[in-house]
Amino acid sequence: MTTSLLTPVAVADDDARALESLADLLEAEGYDVRLYSSATMVWSRGGLSEIDCLISDIGMPEMNGFELRRLALLERPELPVILITGRPELHTQYAAIIERDRYFEKPFDGQQLLAAIRTALRGTRPKGAA
């Protein structure tokens, strides 16, 4: 069942296959997906002003997902940011700023990601989340 009503969601990832997979998942759920091949593209093209949720890979060249998250929250503190990574060692390095319910290691369960997006858009946290 589609609950998003074409909610705009941006995805930043330098892996074209990951972008395509996430686009398929999100579009099937009814989201208006905006794809960016780098965090720099999201930031430089003003991509944050027209979205309701940001999904960003952590490990990208030039600007990583943590930096994009920091800039996004400075510009739009209410914007939900979900971080994804294929490099789980980054979790321990940045554990203090990672929100447990908004962090996913590749490969991840698409249904769990969709649930996290829905929860983030409602502005609530799942029980037990940090």
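Where a number appears in this text, it was derived from the coordinates with a stated rule and is not lab data. Note that the structure is a prediction, hence the values are computed from the model and not measured. Note that each Cβ is placed from the backbone with ideal geometry, even for glycine, and that neighbours are counted across all protein chains shown.
Hey, for a label at LEU6 modelled as a point 7 Å past Cα toward Cβ, could you say which residues of the stretch 28-56 have their backbone N under 12 Å away?
Under cut-off, by backbone N: 31-33.
Assign unit charges at the C-beta atoms only (+1 for Lys and Arg, -1 for Asp and Glu), then state the dipole size of the stretch 1-90 relative to its Cα centre in Debye, rounded to the nearest 20.
Around 220 debye, computed over the stretch 1-90.
Please compute the length gained on full extension between GLU78 and LYS106, using 0.36 nm multiplied by the number of residues separating them and subtracting their Cα-Cα distance.
Length difference between fully extended and current span is 7.5 nm.
Modelled label-to-label distance, ARG70 and ASP14, 7 Å Cα→beta-carbon offset: nm?
Output for this residue pair reads 1.7 nm.
What FRET efficiency, computed as 1/(1 + (r/R0)^6) with R0 = 25 Å and r the Cβ-Cβ distance, is obtained for ARG118 and SER44, rounded to the nearest 0.05?
0.30
Return the long-range amide H neighbours of ASP32 (sequence gap of 5 or more, or a different chain), with a cut-off of under 5 Å between placed amide H atoms.
LEU6, THR7, VAL9
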